[in-house]
Amino acid sequence: MTIKTLPELLGLQVSYVEQLMALLTAEKSALESRDVTALEKISQDKQQQITHIAELDVKISQHADAAELLSTYLPQKQQIETELTQCQELNDINGKLIELNLRNTKRLGDTIIRSRSRNNITYDKLGRTRGSFSTLGMTFKS
């Protein structure tokens, strides 16, 4: 079935954007619960949905009735733009959650290294901590 009318294309675009919003909401939940398996699937689905939205946007902009987007179909166009803005805001929040999780993971790793290495911590050229082995307290038999 080929969708030919502008209202059909706009209706499909609304559906795609709403699906993207649902994926971003699920991504936020997966980030909060640190569900890596879900994040992998959601990430793939999200990318696929963004591709569908972009492809349909091209079809809409090239449609014979595209000039009517600024008059007859302005409410639908504005709804799509509003929902896309909401998607962008949620995506920004998810990006901040990812950064926070990465910082927390690094801090946890640093803490583990410090606890295992006690006072024998070294740093690499990027300033990241890593443990070093100490011979203090060890006896060698030669």
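Nothing in this text is a laboratory measurement; each read-out follows from the coordinates by a stated rule. Since this is a predicted model, take the numbers as computed values, not measurements. Reconstructed Cβ throughout: ideal geometry from the backbone, glycine too, with neighbour counts over all protein chains shown.
May I ask for the Kirkwood hydrodynamic radius of segment 70-113, worked out over all distinct Cα pairs and given in angstroms to one decimal?
One decimal place: 13.0 Å for the Kirkwood radius.
Could you please state, rounded to a whole Å, how far the C-alpha centre of segment 27-42 is from the C-alpha centre of segment 70-107?
So the two Cα centres are separated by 16 Å.
I'd like to know which of Val14, Gln48, Leu100 lies farthest towards the positive end of the charge dipole of segment 6-100, counting +1 on Cβ of Lys and Arg and -1 on Cβ of Asp and Glu.
So the residue we want is Leu100.
Excluding Leu90 itself, what net charge comes from residues whose Cβ is under 12 Å from its Cβ, given Lys and Arg +1 and Asp and Glu -1?
-1
With the cut-off at 28 Å, tell me which of the pairs Lys41/Lys96; Lys59/Lys96; Lys41/Lys125; Lys46/Lys96; Lys4/Lys77 have Cα atoms farther apart than that.
Lys59/Lys96; Lys41/Lys125
Provide the per-residue ³J(HN,Hα) series for segment 60-77, in order, calculated from phi with Karplus coefficients 6.51, -1.76, 1.60 and θ = phi - 60°, each as a whole number of Hz, with x at glycine and proline positions.
5, 5, 9, 5, 4, 9, 4, 4, 6, 4, 8, 9, 4, 9, 4, x, 5, 4
With bins 10 Å wide starting at 0, give me the P(r) of segment 6-100 over every alpha carbon pair, in whole percents.
Going out from 0 Å in 10 Å bins, segment 6-100 shows 16, 44, 25, 13, 3 percent.
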